[in-house]
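Trainee: One structure is given below, represented as structure tokens, and several questions about it will come after.
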Amino acid sequence: MSIKNCKESQVNIIVIGCGEAFDSIMGNSAYLLRQPYQKSVLFDCGYQIPERLWRYDRDKDIGAVFFSHLHADHFFGIIPLIARYWEDGRTDPLFLYGPNGFKNKIIELANLGYPGLLEKIDFELIFKDYLDGNALRYENIIIKTAITKHSIINHAIRIDFMDKEKSIAISGDGRHTDQSKKLICKVNLLLQEAYTIEDEMHTHSSVKEIMEINRELSLDKIGLAHISRKIDASQVKKLIDERTFLLEPNMTIPV
């Protein structure tokens, strides 16, 4: 599937990275939501992500960061991001959303990496925990989450737009549950991890599982990410349908 002709006037998802934890080419999985007249929203911020944002000057207008879970490849990058915002003179607040209690983890990480940083910054960090089953609002989007089967608590995230009949879901990591399948039902775009080809792991989705879910839910588009670096893309392409495609770094997807 080819993603082309995306305009700045559109709502777009930019793939910052789409690999598993140790993939140096694809990078940690993270996505940037861009829409006209709104702050950008970042979904996950692993240790490889800040440099990829800075390289293309994509960090400037981020207003919020949503974390699916607290593994290093999904949230260790937030401290360098905050530190550079401080150096660059940011004054706008930064909203942070994540699993219950994630604020303490971020404070701990900051104190390990840059002691005193959070006392020096000139902008407010606003922390909000997910409440499964309850919606959260940020600007013109409504966020709902559901827990998947992962080695730690992971929240699949659904984004609905208040001013248009469009929706996106981001799986984070983990196999789907009945609750997460209900969450992603009828979305226009699903950004989905598929670490293996077959159902080999209890804590990660597979290409086989996602194709079965797609037959059940009939989703519009699925972008596959977080595929093991040891799997050749040609193996995956043999198994996916016409509504499913492989994500690539810097890909821009219209919503």
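The values are calculated or read from the model by the stated rules, or taken from the named source; none is laboratory data. Since the structure is predicted, the reported quantities are computational estimates derived from the model, not experimental observations. We place every Cβ from the backbone using ideal geometry, glycine too, and count neighbours over all the protein chains shown.
Trainee: Considering Lys144, Lys120, which residue is surrounded by fewer than 18 Cβ atoms within 10 Å (Cβ to Cβ), charged (D, E, K, R) and touching a residue at least 12 places away in the same chain (Cβ under 8 Å)? Don't jump to the end; show me each part of the working.
Mentor: On the way: Lys144 fails: surrounded by fewer than 18 Cβ atoms within 10 Å (Cβ to Cβ).
Of Lys144, Lys120, the one residue that is surrounded by fewer than 18 Cβ atoms within 10 Å (Cβ to Cβ), charged (D, E, K, R) and touching a residue at least 12 places away in the same chain (Cβ under 8 Å) is Lys120.
Trainee: So which of Leu136, Leu96 ends up being in contact with a helix residue (DSSP H, G or I) (Cβ under 8 Å, 6 or more places away or on another chain) and not basic (Lys, Arg)? Before the answer, list the steps.
Mentor: Numbers: Leu136 fails: in contact with a helix residue (DSSP H, G or I) (Cβ under 8 Å, 6 or more places away or on another chain).
Of Leu136, Leu96, the one residue that is in contact with a helix residue (DSSP H, G or I) (Cβ under 8 Å, 6 or more places away or on another chain) and not basic (Lys, Arg) is Leu96.
Trainee: Still on this structure: Condition check: β-branched (Val, Ile, Thr) and surrounded by fewer than 22 Cβ atoms within 10 Å (Cβ to Cβ). Does Thr244 satisfy that?
Mentor: Working: β-branched (Val, Ile, Thr): yes; surrounded by fewer than 22 Cβ atoms within 10 Å (Cβ to Cβ): no.
In short, no.
Trainee: Related question: Among the numbered conditions (1) of a type in the set (Gly, Ala, Ser); (2) surrounded by fewer than 20 Cβ atoms within 10 Å (Cβ to Cβ); (3) modelled with pLDDT of 95 or more, tell me where Ser2 comes up short.
Mentor: In the conditions (1) of a type in the set (Gly, Ala, Ser); (2) surrounded by fewer than 20 Cβ atoms within 10 Å (Cβ to Cβ); (3) modelled with pLDDT of 95 or more, Ser2 misses (3) alone.
Trainee: Can you pull out every residue in the stretch 6-37 that is surrounded by fewer than 20 Cβ atoms within 10 Å (Cβ to Cβ), at pLDDT 95 or above and of a type in the set (Ser, Thr, Tyr)?
Mentor: Within the stretch 6-37, just Ser24 meets the criteria.
Trainee: Based on this model, can you work out whether Ile142 counts as over 23 Å from Leu224 (Cβ atoms), of a type outside the set (Asp, Glu) and part of a helix (DSSP H, G or I)? Spell out the reasoning first.
Mentor: Values: over 23 Å from Leu224 (Cβ atoms): yes; of a type outside the set (Asp, Glu): yes; part of a helix (DSSP H, G or I): no.
Taking the combined requirement at face value, the residue does not satisfy it.
Trainee: Additional query: Enumerate the pairs (first residue in the stretch 39-61 and closer than 11 Å to Gly17 by Cα; second residue anywhere and among the acidic types (Asp, Glu) and in a loop (DSSP other than H, G, I, E, B)) with beta-carbon separation below 9 Å, excluding pairs fewer than 6 apart on the same chain, so at least 6 apart or on different chains.
Mentor: Here the result reads Gln48/Asp23; Pro50/Asp59; Leu53/Asp59, each pair linking the stretch 39-61 to a residue that is among the acidic types (Asp, Glu) and in a loop (DSSP other than H, G, I, E, B).
Trainee: Okay, next question. Which condition from (1) surrounded by 14 or more Cβ atoms within 10 Å (Cβ to Cβ); (2) of a type in the set (S, T, N, Q); (3) over 21 Å from Ile153 (Cβ atoms) is the one that Ser68 breaks?
Mentor: (3)
Trainee: Please determine, by comparing only the residues of the stretch 185-212 that are over 15 Å from Ile157 (Cβ atoms) and of a type in the set (A, V, I, L, M, F, W, C), which one is surrounded by the most Cβ atoms within 10 Å (Cβ to Cβ).
Mentor: Ala194
Trainee: While we're looking at this one, here's another question. Which residue, of Arg158, Arg175, Arg137, is within 19 Å of the chain's Cα centre (by Cα) and surrounded by fewer than 12 Cβ atoms within 10 Å (Cβ to Cβ)?
Mentor: Answer to the selection: Arg137.
Trainee: Out of the residues in the stretch 161-172 meeting the condition of being over 17 Å from the mean Cα position of the chain (by Cα) and without any contact (Cβ under 8 Å) to a residue 60 or more places away in the chain, tell me which one is nearest to Ala72 (Cα to Cα).
Mentor: Only one residue fits best here, namely Met162.
Trainee: Consider Glu242 carefully, then state whether it is of a type in the set (D, E, K, R) and either in contact with a Pro (Cβ under 8 Å, 6 or more places away or on another chain) or modelled with pLDDT of 95 or more (or both). Give the derivation first.
Mentor: Numbers: of a type in the set (D, E, K, R): yes; either in contact with a Pro (Cβ under 8 Å, 6 or more places away or on another chain) or modelled with pLDDT of 95 or more (or both): no.
Considered against the rule, which asks whether it is of a type in the set (D, E, K, R) and either in contact with a Pro (Cβ under 8 Å, 6 or more places away or on another chain) or modelled with pLDDT of 95 or more (or both), Glu242 comes out as no.
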